[in-house]
1. Be a star and scan the stretch 95-133 for residues whose amide nitrogen sits under 16 Å from the point 7 Å along the Cα-to-Cβ vector of residue 41.
2. Students often check this: by mean Cβ neighbours within 10 Å, which of 105-112, 132-139 ranks highest, and how do the rest follow?
3. Can you give the local net charge around residue 143? Use residues other than it whose beta-carbon is closer than 10 angstrom to its beta-carbon, Lys and Arg +1, Asp and Glu -1.
4. Using only the Cα atoms of the stretch 2-159, what are the Rg and Dmax in Å?
Amino acid sequence: MTIPTPRKLPWLLLISAVIIVLDRITKSLVASHVPLGDGILVIPGFLRITHWLNEGAAFSLFADSASPNAVRWGLIAFSAAAAIAVLIVLIRLGSRISLATVALALVLGGALGNLHDRIAYGSVVDFIEVHIFGYHWPDFNVADSSIVIGACLLLLDSLLPRRSSEPADSVEIQ
């Protein structure tokens, strides 16, 4: 008799949902408490909370395009396709929690968080401004952070040695 192991997919989707909720809460707080274009100093010379609208892609790429509507819908299409692809992979791997599945859950949550903003508002609120050794990193948000952390974890997972036998998806009882 074969007893299937419990699926971990609900827990992975919960990670994505938490990212989406945190992203929405932080963007709403910034939009309601920090005037557009302004900022609040948190750590002098290192961190500010700002309020910017990003109509482009990462690092505001394509934000100054001559066809902003085409850029918006292109980014929406790309983000939706990427989120669907990540969700499909997550469903296939959802029988276990691993570095890769947690990373995919983070990427999915971040992608859906920014996708929501692009569809609903036409832009994404970026509010975390970091300066490191005089270098100004482009402003970002919780969704962006989640995507980058997820991508880094996927890279780390790809560099780690594989065990000789992966855990089975079911337990055999005789």
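Only the coordinates and a few stated rules stand behind these numbers; no lab work does. Values in this document were obtained by computation on a predicted structure and should not be read as measured data. Note that each Cβ is placed from the backbone with ideal geometry, even for glycine, and that neighbours are counted across all protein chains shown.
1. 129-132
2. Numbers: 105-112: 27.0, 132-139: 10.6.
Ranking, from highest mean packing down: 105-112, 132-139.
3. Details: positive: 24, 27; negative: 23, 117, 126, 144.
Charge balance in the 10 Å sphere: -2.
4. In Å, with Rg to one decimal and Dmax whole: 17.0, 60.
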